[in-house]
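Q: Starting off with a structure, shown below.
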Amino acid sequence: MTIAGKIESTIAIPGGVSVTMNDGTVTVKGPRGELSRNFAYPRVSISIAEGEVAVSSEYPRTEDKAMVGTYVAHINNMIKGVTVGFTYTLKVVFSHFPMKVAVKDGRVEISNYMGGHAPRYANIAGACKVKVSGTDVTVEGNSIEDCGQTAANLEKATSRVGFDKRTFQDGIYIVHKSHKVRE
């Protein structure tokens, strides 16, 4: 909603979710856990009242309007994360050399990639859970940023420079991004 000299967006807080703010840090608690994020932009303010979160800016410039939209998207993702969660599905693809993918010591170990002797590793960001079953890899968690970063780390661990991707298709690839955890 835009009023002369002010832009404001509101987010309804669903039942079972509580949103608090302390010194610019917004904390969202829900049935799946808790997420916190620091929002520190000088011309954008956040207020919580009557079951909704209001993000506003007085006399906004173009970047202030963009930041209001960014804050609204982040808070919506935090609410969605503590209520239903996020999941990314990846597929392990190989043609000649069977890859072995396993979770060890807080990171994912990829062995025998393209017949290589040294294992490759992908870090698991935040509190994500990675499950490997055959050629399917599932990344689940409450934070969309941590899940997305973990999935990107898995893809990056199997990238090769100087090879034609149309011919050498071995690797780990994101095949589905869902914003619901299947139960």
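FYI, it's all coordinate maths here, none of it is from the lab. For clarity, every value in this text was computed on a predicted model and none was experimentally measured. When we count neighbours, we look across all protein chains shown, and the Cβ atoms used for this are built from the backbone with ideal geometry, even at glycine.
Q: I need the strands (runs of 3 or more DSSP E) fully contained in the range 31-109, keeping only those with at least 1 residues that are charged (D, E, K, R) and under 21 Å from the mean Cα position of the chain (by Cα).
A: Strands (runs of 3 or more DSSP E) meeting the threshold: 33-38, 86-93.
Q: Please find, within the range 51-76, the residue that is surrounded by the fewest Cβ atoms within 10 Å (Cβ to Cβ) out of those that are among the aliphatic types (A, V, I, L, M) and farther than 30 Å from T138 by Cα.
A: In this case the residue turns out to be A66.
Q: Tell me which of these D146 doesn't satisfy, since it passes every other one: (1) of a type in the set (D, E, K, R); (2) exposed (fewer than 14 other Cβ atoms within 10 Å of the Cβ); (3) out of contact with any strand residue (DSSP E or B) (no Cβ under 6 Å at 6 or more places or on another chain).
A: The number of the failed condition is (2).
Q: Return the only residue of I79, I48 being in contact (Cβ under 8 Å) with a residue 60 or more places away in the chain and surrounded by 12 or more Cβ atoms within 10 Å (Cβ to Cβ).
A: Working: I48 fails: in contact (Cβ under 8 Å) with a residue 60 or more places away in the chain.
None of the others qualify; the one that does is I79.
Q: Identify, by number, the condition in (1) assigned to a loop (DSSP other than H, G, I, E, B); (2) more than 24 Å from S178 (Cβ to Cβ); (3) without any contact (Cβ under 8 Å) to a residue 40 or more places away in the chain that A125 doesn't meet.
A: Condition not satisfied by A125: (2).
Q: For T89, work out the one condition from (1) in contact with a Ser or Thr (Cβ under 9 Å, 6 or more places away or on another chain); (2) under 30 Å from F39 (Cβ atoms) it doesn't fulfil.
A: Answer for T89: the failing condition is (2).
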